[in-house]
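Take a look at the structure set out below.
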Amino acid sequence: MLKVVGIGKIEDLLREIPEDLLRDESLDLPAPMSEFELSSHMKDLAASNTGAAKGGPFLGGGAYDHYIPSAVRQIVSRSEFLTAYTPYQPEVSQGTLQAAFEYQSMVCALTGLEVSNASLYDGASASAEAVLMARAIADRPDVVVGGTLQPAYKEVLDTYLKYSGAEVKEASAADGRVKPEDWKKLVTPRTAAVVIQSPNMFGLIENVTPAVEAAKQAGALTVMVCDLLSLSLLRSPAEWGADIAVGEGQSVGSALSFGGPYLGFIATKRSFIRKMPGRIVAETSDADGRRGFVMTLQTREQHIRRERATSNICTNQGLNALAAAVHIGLLGPRGLRRAAEGCVRNARYAAEEISKVPGFKTEFDGPFFREFAVRTPIPPAELNRRLAERGMLGGLDLGRWDDSLGGLWLVCVTEKRRKAEIDEFVQAVRECCE
Amino acid sequence: MIPKELRYTKEHEWVKVEGDTATVGITDYAQGELGDIVYIELPEPGSALEQMKSFGLIEAVKTEADLYSPLSGEVTERNDAVVGDPGVINSSPYEDGWLIKMKVGNPKETEGLLTAEQYAEHIGNGAAS
């Protein structure tokens, strides 16, 4: 090959790089292995991890261990879906486009709002996109964010708004929920949106009405950050009066996967559709009158209207959206609701049992979905370390989110945790603190 | 089609001046170039207008464009029928497809507008929209 190309040695191809920048030591890599040796080596590495499968995690905080039917993975693993790149050409991707349309329809059904898109990146960036959208709709700069919004989501929002001139104020919390009177205090005629999350960062269910009322009075929009699984049970964003609903869709069909890929969803009123970012799939008919699906309203996208684009989003999470559609489709409204009810029942049972352990007390009053904060007699990090020695994954040390939350432990119990597992966990907690 | 009694901008808006009021729309050439118009964003009555500044947005299937005000002044009326059915702009750009009516702020500005002949030359010269 060197002869064909007409050079003496490989190094001749690197002539353009200044010599003083060339590394003359070889890379510090181990010697090559046979396939068998390599396979054994990888097995050893894997064995040093405790997967979520062993003894079930009691850990949540934004990513949740729910049961995903095998059929979801089967369907999503089809090469037509798994390996296709940006498959939105209607001539060859009707299956994908129809699935995206179904997904959008399901998001609308669960949120109660009129239009949705073919997904955003994740819950955090979706929350930021909703704020950008509200700023464009209201033509105002500022935001009031509930103090019980996931800290990571708040950080992402701050990053998105950093050079925008937006003033971001936080409505403070009391007893785990946003203080109702704070919304009115902070909303001004310059406020584009209020942002409230429910279930919130502590798993508690918020009263969204004070936020909606404060926003309406000032001509601002309400962005509600929520969870699709919980919406099979709880009051919908539309019923609360929210204008835009966003959140993380991992809990319907996406595996934990060490943090991703996950799924951002958004839904809003039809009148706002032209300010909604991302890809939108719509139903239409072809030249012969047959039903078909296409990507539509592309004139909102920045490849057509760069200066006026309100977002720089340029792709989505198609595969995870497909998984969500299959998951929700398989479970149906009843199955989804049963899973959600399982979360409520299990979490409540766990909270009651843990409260019986000396030194443990649930921190906040009021209804919660899937997780709850507990004050622990020993530091949560130490408790988790002792539980890990028994092969168990304990709750989240909330001190990691904020110093003011030190000593609080966020325990998550999904529909997957059986009573025996919960009892075993509580017993282990008891023993760890003796 | 380029009605002689109207005045035009290089950006393909037409204006019909009647005393101190005027009516504004887009030309037949513009609607032809855009193709099927699917959406239009127009200002509310009372909004201020500045000559050659954007006062709205017109959207066709594959593209969208700004609407530029031929004159400075104030919006007195918006054609809500056209907002509800933008296709009227394609079928009747000079009559039913009018966009806004306005109060003329500075009558001298009409001198800067193109006549029908000048506009014809402008688009005849292969003027890209």
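The values are calculated or read from the model by the stated rules, or taken from the named source; none is laboratory data. Small disclaimer: the values here were computed from a predicted structure and weren't measured. Quick reminder, even Gly has a Cβ in these numbers, built from the backbone with ideal geometry, and neighbours come from all protein chains shown.
Worth a mention:
- Among residues of region A:13-54 being at pLDDT below 90 and in contact with a helix residue (DSSP H, G or I) (Cβ under 8 Å, 6 or more places away or on another chain), the one that is nearest to A:GLU421 (Cα to Cα) is A:THR50.
- Restricting the search to helices (runs of 4 or more DSSP H) fully inside region A:149-231 and requiring at least 1 residues that are under 25 Å from A:ASP365 (Cβ atoms) and under 17 Å from the mean Cα position of the chain (by Cα) gives A:151-161.
- Being more than 23 Å from the chain's Cα centre (by Cα), within 11 Å of chain B (Cβ to nearest Cβ) and farther than 24 Å from A:ALA109 by Cβ is a property that A:GLN302 lacks.
- Only listed residue being over 30 Å from A:ALA282 (Cα atoms) and touching a His at 6+ places or on another chain (Cβ under 6 Å), chosen from B:THR23, B:THR27: B:THR27
- Qualifying residues in region A:305-318 (those that are more than 14 Å from every other protein chain (Cβ to nearest Cβ) and surrounded by 15 or more Cβ atoms within 10 Å (Cβ to Cβ)) - the one nearest to the chain's Cα centre (by Cα): A:GLN317
- Among the strands (runs of 3 or more DSSP E) confined to region B:24-129, the ones with at least 1 residues that are modelled with pLDDT under 95 and within 14 Å of chain A (Cβ to nearest Cβ) are located at B:37-41, B:54-60, B:64-68.
- Candidates in region A:273-299 are the residues that are within 14 Å of chain B (Cβ to nearest Cβ) and more than 22 Å from A:ALA124 (Cα to Cα); of these, the one that is surrounded by the fewest Cβ atoms within 10 Å (Cβ to Cβ) is A:THR284.
- Single condition A:VAL144 does not satisfy, out of (1) under 19 Å from the mean Cα position of the chain (by Cα); (2) closer than 29 Å to A:PRO189 by Cβ: (1)
- When A:THR362, A:THR376 are checked against the criterion of being within 15 Å of A:ARG348 (Cβ to Cβ) and hydroxyl-bearing (Ser, Thr, Tyr), A:THR362 stands alone in meeting it.
- Close Cβ contacts (under 9 Å, 6 or more residues apart or on different chains) running from residues in region A:222-245 that are free of Cβ contacts under 8 Å to residues at least 40 places away in the same chain and assigned by TED's automatic domain parsing to the domain that holds A:ALA126 to residues that are outside any loop (DSSP other than H, G, I, E, B) and charged (D, E, K, R) comprise A:THR222/A:LYS216; A:GLY241/A:GLU213; A:GLY241/A:LYS216.
- Of all the residues in region A:357-382, those that are in contact (Cβ under 8 Å) with a residue 24 or more places away in the chain and surrounded by fewer than 22 Cβ atoms within 10 Å (Cβ to Cβ) number 14.
- Condition met for A:ILE137 (within 24 Å of A:ALA109 (Cβ to Cβ) and buried (at least 20 other Cβ atoms within 10 Å of the Cβ)): yes
- Residue in region A:89-103 that is closer than 27 Å to A:ARG370 by Cα, modelled with pLDDT under 95 and in contact with a helix residue (DSSP H, G or I) (Cβ under 8 Å, 6 or more places away or on another chain) present: no
- Residues that are of a type outside the set (Val, Ile, Thr), assigned to a strand (DSSP E or B) and within 21 Å of A:ALA128 (Cβ to Cβ) within region A:251-307 comprise A:GLY264, A:PHE265, A:ALA267, listed in sequence order.
- Sole exception among (1) closer than 21 Å to A:MET106 by Cα; (2) touching a Lys or Arg at 6+ places or on another chain (Cβ under 9 Å) for A:ALA282, by number: (2)
- Checked against the criterion of being of a type outside the set (Asp, Glu) and in a loop (DSSP other than H, G, I, E, B), the candidates A:CYS343, A:CYS314 yield just one match: A:CYS314.
- For A:ARG418, the criteria (1) surrounded by fewer than 15 Cβ atoms within 10 Å (Cβ to Cβ); (2) within 24 Å of A:ARG177 (Cα to Cα); (3) among the charged types (D, E, K, R) hold in every case but one, which is (2).
- Note on region A:140-165: among residues that are hydroxyl-bearing (Ser, Thr, Tyr) and in contact with a helix residue (DSSP H, G or I) (Cβ under 9 Å, 6 or more places away or on another chain), the one that is surrounded by the most Cβ atoms within 10 Å (Cβ to Cβ) is A:TYR153.
- Residue within region A:251-272 that is surrounded by 15 or more Cβ atoms within 10 Å (Cβ to Cβ), within 14 Å of another protein chain (Cβ to nearest Cβ) and out of contact with any Ser or Thr (no Cβ under 7 Å at 6 or more places or on another chain) present: yes
- Qualifying residue in region A:355-369 (condition: assigned to a helix (DSSP H, G or I), at pLDDT 95 or above and over 30 Å from A:THR83 (Cα atoms)): yes
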